[in-house]
Amino acid sequence: MRFLHAADLHLDSPLRSVALRDPDLAGRLHDASRQVLARIVDLAIERRVDALLLAGDVFDNGVPDVATRTVLARALGRLGAAGIPTVLIRGNHDGLLDPARYGALGDSVFLLDADRPSVEIGAATIHGTSHSGGPETRSLLPRYPAPVPGRINLGLMHCSPDGTRGHDPYAPCAVSDLLEHGYDYWALGHIHARQEWRGDRALVVMPGIPQGRHIRESRGGSVTLVRIDGEGPQAEELPVGLVGFREVSIDLPGDDTQTARLHRIADGLRGAAEGPTVLRVTLAGPGAQPFAAGAGDARHALSELAAEIGELYLDRVRVAPDLSVPDDAAAGDLVALMRLEAGTAGFREEAARMLSDLRDALPPEARDAIDDDTLEGLMADGLAAVAARLSMARSE
Amino acid sequence: MRLRRLDLVRYGHFEGQSLDFGAATGDCDVTVVYGPNEAGKSTAFTAWLDLLYGFPPRNTPYAFRFDRKDLLVGAEIEVDGGTLTLQRTPKKTGSLTDGDGRGLPEHVLATHLHGLDRDAYRTRFSLNDAVLRSGGEEIAAAKGDLGRLLHAGTSGLSGLSQALDDVQSDVDAFYQKGGSKQAVPEAKRQLKALDATIHDGRLAPLRHDDLLRTRDARRAEAGAARDRLSEARRALAHAEAAARRAALRAERDRVARQLDDFPDGPDLPPDAVPEIAALVENAREADARRARSIAARDAAADRLHGLVPDPDGLDLGPVIAEIREMTFDGQPLLMRVGGAEADLDRRRDERAAVARDADRLCRKITGRGLDDPPPGLRREIHDRLDAAVQRLAEAEVEARAARTTMDDAREDHGAPPPVPKGEDALSDALAAMQEDAPDLDALRETAADSDAAADSAAEGLAQDWRARLSDTGELPGDDTVAAVLSEAEHAATRLAEADTHASDARAALETARARLDAAERNPGSVDAAALQRLRGEREAAWSAHRAALDAVTADRFEAALRADDAAIAAHAAGADARAALLARQEELAAAEVEARTALELVESAKARNDKAMKALAEMAARLLLPPDAPGTAVRARRTMLATALDRAAAAETARSRLTRAETRHAALTETLASALADSGGDLGAGALVPAARRHLETLRGAQAARTAWEDQAARIDKLAKLAERAERDARARLAVVEDVAAGSWAEGMAPQAIRAALPDARDLAGLMGDLRDLDRRIDAMERALAAFGAAAALPRRIIGDAEGADALIRAAESRFRAAEETAREIATQSTAHEKADEAIRTAEMDARAARGRISALLEGQEGAEAADPPAFARRLAQRDALRADLARIDDDIARAAVGFDAARLAGEESVDDPARLPLLADAVATAEAEADTANQALGAAEEALRGALDAGGAAAADQDRAALLEDLRSGARDAAARMIGLAAARAALRRLGEDRRGLMLRETQAAFATLTGGVWERLETWREGQGERMVGISDDVPVPADGMSTGTRAQLYLALRIAGHAAFVAEAGPLPFVTDDILETFDDTRAAAALELTAELGRRGQAILFTHHVHLVEMARTRIPEARVITLPPRK
């Protein structure tokens, strides 16, 4: 039997990147999660799977829009018309999956919960339990039925398998317990990076988010095709994401000409791009410092290079301060003094106050960008930027 | 560092040009370099920078006369009391060499540049008119800010203010307090608009619930309306059905009456009317067809009588076709026969001529005729023979040349020279001595200078000052001394202040006491207690007087009475006096407290002063001074001891370095001497290094001669081997010639004879080939003629003789085509006769069939014998249509009752009310309107729900919002960083102003006064906010620096640069300072002043002044007598 396993679609949750300020790109990607859902449906039909498994967080609590259900219902309806059922569970973001309030999604869609913990699809029995609405601080595994003898058993679970970080500690669960539960395959959801765990007879897969939304979700972009036959479960990762998020650091020596630097940057960008890519770039080394001289200088220079490469979109572009560079001899007196000043408690206090003033002027959602923890880095960046501008004044 | 000579070996338009600045003389090191415009002053300065820092990595503007790789700059510079001769090439590595081209590491120069890179050196130690002007602008841009001005003077940079303004602009573009056009407020506006769009675009769960409830209610209302409409429509339908059935019955009666006028008979078959009309037409058309066929049959019979067949002509066709298909040797036979008839005789003549030529050559080569031709007359044998004979000749020439070369070389080779020894060891030792040997003289001089400096610094101290200083512990730090002195001074001040304060407090106390005493003496100040006491005294006096009733007691009573009355009167009028007394009492109490406090302060200040004085005495002792030494002496002594200690340490370091150098030098000397002796050299009476260098050159010469002799011997051996190989090669090639000739006409002939006979043999071979070819062609022609004769026997018999084969064939073909045409015409006319017979028979049968069918269709009809069958048939058809109408009306009456309730329909049929139908129709219309309204409401509710669900949400606005916030985050980080960096720069400038204000302000003030001829007598600073502003004073009138005229600002900038130079030299040491025509915009007075400052620069280090003005050169000679003048030649 074949199943297509996906999770954490987070439908209509926007992509968070400066790159999306480009109107063309925003126009193409504003419904990225919907396009990915359509791709998943196409893939399920093309691979003739027995069922589509959605392991929670189909929706996103940050986007409370009932219209999103219409998108999902139509996509799954198309799948049902092709003879392929969908089995899903609610995750911690799936308030819109309440059938009592919003109705069912269609005849071919099976939502597993306490009232209906299992469904039979061909030779397989699929088990699952849905998020109850409150915080799940304990393992959900005890709520899952024992495997049905003589049938293929699959489990859908939205949880935090041990060893994962960076997410809410939601429904913690030991992978070893899953592997020993007697199911052939565990279709998990919740963690946005893909992972696999294989036991003697069972396979546990966290498929990751099908479309990463920001730079910390660079390890998603796929769904998992599961084949279960006499030789046990086999998983195959299938890409569906429209655009990937990547980070790259490009080191620029100090003795390059500007042309050579641009060549080196272009090579770095080209090497980091894998298909359509949103790229966060850090320029490092002594040769990078001139790019810090003016606000937006680095981004402007890299934008032209990225446009020539094609399908490469810039997220933040940062110039890392190069502390190894000795103080410039001419501007050096001043730069050295700046560093001395920056090291005093009085200056740090003043800098923290300036930071606080600016933070208060920002919309609340953006204030985290310059919270107190960022002070050290901002001081280093600021000193480097002013030093670079002074150095430019000398060469002018 | 000082530049003694700059060599422009190949640079720009210069070749072999040197600028000799000479050795420093006197105490003023100034060189004026004069040259007209374009003479190369800027080129020379750039060359100096290239020498110091290397050529720029790529295109240099000075590679126009010479290729970049050939550029070369050299210099002789003075450093640390010695000189370095250097050269610089544009090579990527190893570009710095000594005067002999040996590579030098970069640090040889870098250590004397005090950490300055190329640009920093250029900005700090060069000055031209453009820099002066931009420096003046910087003073204006900096608004006279002291820190920025001192920075400009120190660094030589003049774009600081613009740079900081640019950074500030970047920050301001993002956010400014109270601003409305920056990125932050603009983003907030956009966020607000996006939030509204998102709110409108999303279908929130609560709104969804509302829409759902509304739809369900509308759905129920629409269902009820539909039910009412259905009932109204049913009632109307029954009434309409009853009316319809009544109308159908009336129609039936009318049709039945019409049928009575038509003939009886069965119904006609379907389509009988058009069929009968068609049958009548068919019979008429068959009759016409029969007449046309009879005429055609008669015409065919007439044509057949005139045609005669030709069987012989028809026989010719296959034979001619066969002859045309025949081939001979792959070509059509007829074409070959035509060729043979034309060429056969000419080919036979040609063969006879060739046979004669061949016979002649056979006889020339072998002496025999053509009937016995020579063997091996083949082209490949001739080619191989030709090549073999040619190679043999070449090999014989090479063998002779190789032998001659070898013999010549042996004659020139003499006896072997001897082998030298020890060259490598001597070379290594000499290199080590040259590269690693320390400069002992310089180190000794440095050590002596250090000792002298140490002694000078310790002058005035006891001999054992260092030991005593060790006994007292480490030299206290400057901060520590300053703290002790400051505390002593502060404590003394505090004590003096406390004494003064205590004295004031005591005086205040006395005053308060006196004022209280005066207040107490005022009668009006009597208080209630005093009144009570006086009243008691009066009562006691009265009691005593009543008991005694004598004059004494009476007087006492009277006195007491009066005192009491007076006190009562005074109290009644003394409220102000009592208030004054109370104030005086409080004043006294406060003065007493103040006096006590002042006394405590005096005690405290005394204790602090004692402690500070004790600390000062201890500090004096630590600094080897008497305990009562004043603070000024303590500070001076600490500075003196610190200097003395530094110089003593420096002297020790110098001596230690000298000792290590001497050891190293001795080791290198010993190694070199040993290497010289081992290699057979003789030290003699001269110095070691020159002797070693000379002997090394001797050894290298001997080694070169020995190497050349060995090379020649090896060459002779090689030549002998070459000669032997060439002779072997010649012999082998002769054998090849003999091998190729074997079996052919050349066998046994000498190579030269073979070479001579080869052209005839090649010609004979060609003639023999021609003979064979001609024989083959003649034979083929004869055979073709014979084949044609056999094949063309029949045509010749039928046609007779013809002029050649082609004519015969064409005549036969003509006869065949005529016979064939006649046969075809006979066949055509026979077929036409037969077809006409068949058509006549068919037409007769068609006419009979049509008339029989008409009779069958009208059988049984009343009056069927009528003359016009089609008209009769149409009448019968009208009758049949009326019969069908009657049946249809019966069916309609029955069908009109189908689907209706029979009882309800019967009821309606019994109603005789003309207004019933309109009434029921109105009821339906009313119900329909109600249902429409309900359905529209339901449709609107469903559409609202569907529209909300299908609206697409607000994903685009959500995306824009997320991206905008990311942009804002990124911008906030950048703006915050730049804001902090800017604050650091401003703080640093304040610190720079504070750190350098002393020395630099003094130097700037002196230079500025000199440059302006004393018009600006001094510089001051005004504090403004957190910074300070530089102000010039002229005629006691203060003018801010940025408010000065453009020319004055340029002079102030020059003064700042001179002060910056002084500060650098004081901290790091001198470097050549180059000015380029900075005086040309000055009048003579100011130029003279500037030259005096140039002389001042020259007293601190080397000053080089480029100019193209002759009068400035003369002025420099007058103002600076020690100045050296170099004249650059004009550019060609």
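The values are calculated or read from the model by the stated rules, or taken from the named source; none is laboratory data. Small disclaimer: the values here were computed from a predicted structure and weren't measured. Glycine gets a Cβ as well: all are built from the backbone with ideal geometry, and neighbour counts include every protein chain shown. To get the accessible areas, we keep the full protein, side chains included, count just its heavy atoms, and leave off ligands, DNA and RNA. Shrake-Rupley method; radii C 1.70, N 1.55, O 1.52, S 1.80 Å.
Legend: calculated FRET efficiency, A:R201 to A:D371, from the Cβ-Cβ distance at R0 = 51 Å, rounded to 0.05, equals 0.60.
Candidate cross-link partners of B:K192 among the lysines, defined by an alpha-carbon separation under 18 Å and a same-chain spacing of 8 or more, comprise B:K181. Leaving out ligands, DNA and RNA, what percent of the accessible area of region A:2-239 is carbon and sulfur, probe 1.4 Å? Ligands and nucleic acids excluded, carbon and sulfur reach 47 percent. If the segment from B:R796 to B:D555 were pulled out straight at 0.36 nm per residue, it would be longer than the present Cα-Cα gap by 64.8 nm. Each of A:S303 and B:A353 was given a label point 7 Å from its Cα along the Cα-to-Cβ line. The distance between the two points is 9.3 nm.
Qualifying GluC sites (Glu not before Pro) in region B:380-466, where qualification requires a DSSP coil assignment and no more than 13 other C-beta atoms within 10 Å, comprise B:E459. Rounded to 0.05, the FRET efficiency of the A:A336 and A:T282 pair, given R0 = 35 Å and the Cβ-Cβ distance, is 0.85. Legend: calculated FRET efficiency, B:A518 to B:I568, from the Cβ-Cβ distance at R0 = 25 Å, rounded to 0.05, equals 0.60. Per the accessible-area calculation with a 1.4 Å probe, the total area buried between chain A and chain B rounds to 5900 Å². Label positions at B:Q190 and B:A940, each projected 7 Å from the Cα along the C-beta direction, are separated by 4.0 nm. For region B:461-564, GluC sites (Glu not before Pro) meeting the loop criterion (DSSP other than H, G, I, E, B) and having at most 11 other Cβ atoms within 10 Å: B:E474.
Taking each residue as 0.36 nm, the span from B:R824 to B:A649 lengthens on full extension beyond its C-alpha to C-alpha distance by 48.7 nm. Modelled spin labels at B:R444 and B:R1018, positioned 7 Å past Cα toward Cβ, are 5.3 nm from each other. Between region A:360-386 and region B:213-255, the C-alpha centres lie 78 angstrom from each other. From the alpha carbon centroid of region B:948-977 to that of region B:1018-1033 is 49 Å. Under 30 Å of direct C-alpha separation, and excluding same-chain neighbours fewer than eight residues apart, B:K606 reaches these lysines: B:K614.
Applying 0.36 nm per residue to the separation of B:D80 and B:M335 and subtracting their alpha-carbon distance, the gain on full extension is 80.5 nm. Rounded to whole numbers, the Karplus 3J(HN,Hα) couplings from phi for region B:499-510 are 4, 4, 5, 5, 4, 4, 5, 5, 4, 5, 5, 4 Hz, using 6.51 cos²θ - 1.76 cosθ + 1.60 with θ = phi - 60°, and x at Gly and Pro. Karplus-based coupling profile of region B:427-442, in residue order and whole Hz: 4, 4, 5, 5, 5, 4, 5, 6, 8, 9, 5, x, 7, 5, 4, 5, with θ = phi - 60° in 6.51 cos²θ - 1.76 cosθ + 1.60 and x standing for Gly or Pro. Counts of other chain beta carbons within 10 angstrom of each beta carbon in peptide B:157-165 average 5. Within straight-line reach of B:K718, meaning a Cα separation under 17 Å, sit the following aspartates and glutamates at least 8 residues removed in sequence or on another chain: B:E398, B:D407, B:D408, B:E411, B:D412, B:E710, B:E727, B:D729. The overall shape of the protein assembly as shown, judged from the alpha-carbon gyration tensor, is oblate: a/c is not under 1.5, and a/b is no greater than b/c. For region B:139-183, trypsin sites (Lys or Arg not before Pro) are listed when DSSP marks them as loop and at most 11 other Cβ atoms sit within 10 Å of their Cβ; the list is B:K177, B:K181. Pairs spanning more than 29 Å between alpha-carbon atoms, out of B:K92/B:K421; B:K143/B:K177; B:K41/B:K143; B:K91/B:K421; B:K143/B:K188: B:K92/B:K421; B:K41/B:K143; B:K91/B:K421; B:K143/B:K188. Summarising the amide proton neighbourhood of B:L1128: residues at separation of 5 or more, or on other chains, whose placed amide H is nearer than 5 Å comprise B:Y34, B:G35. Amide H contacts of A:T282 (H built 1.01 Å from N, in plane; Pro and chain starts excluded): A:V248, A:S249, A:I250, A:R318 sit under 5 Å, all sequence-distant by 5 or more or on other chains.
Here the 3J(HN,Hα) profile of region B:565-573, calculated from phi with Karplus coefficients 6.51, -1.76 and 1.60 at θ = phi - 60°, is 4, 4, 5, 5, 5, 5, 4, 5, 9 Hz, Gly and Pro shown as x. For region B:392-432, backbone nitrogen atoms closer than 20 Å to the point 7 Å from B:Q712 Cα along Cα-to-C-beta are found at B:403-420.
Across chain B, the relative contact order, built from alpha-carbon pairs under 8 Å that are at least six residues apart, equals 32 percent.
Region B:660-739 and region B:787-835 have Cα centres separated by 109 Å.
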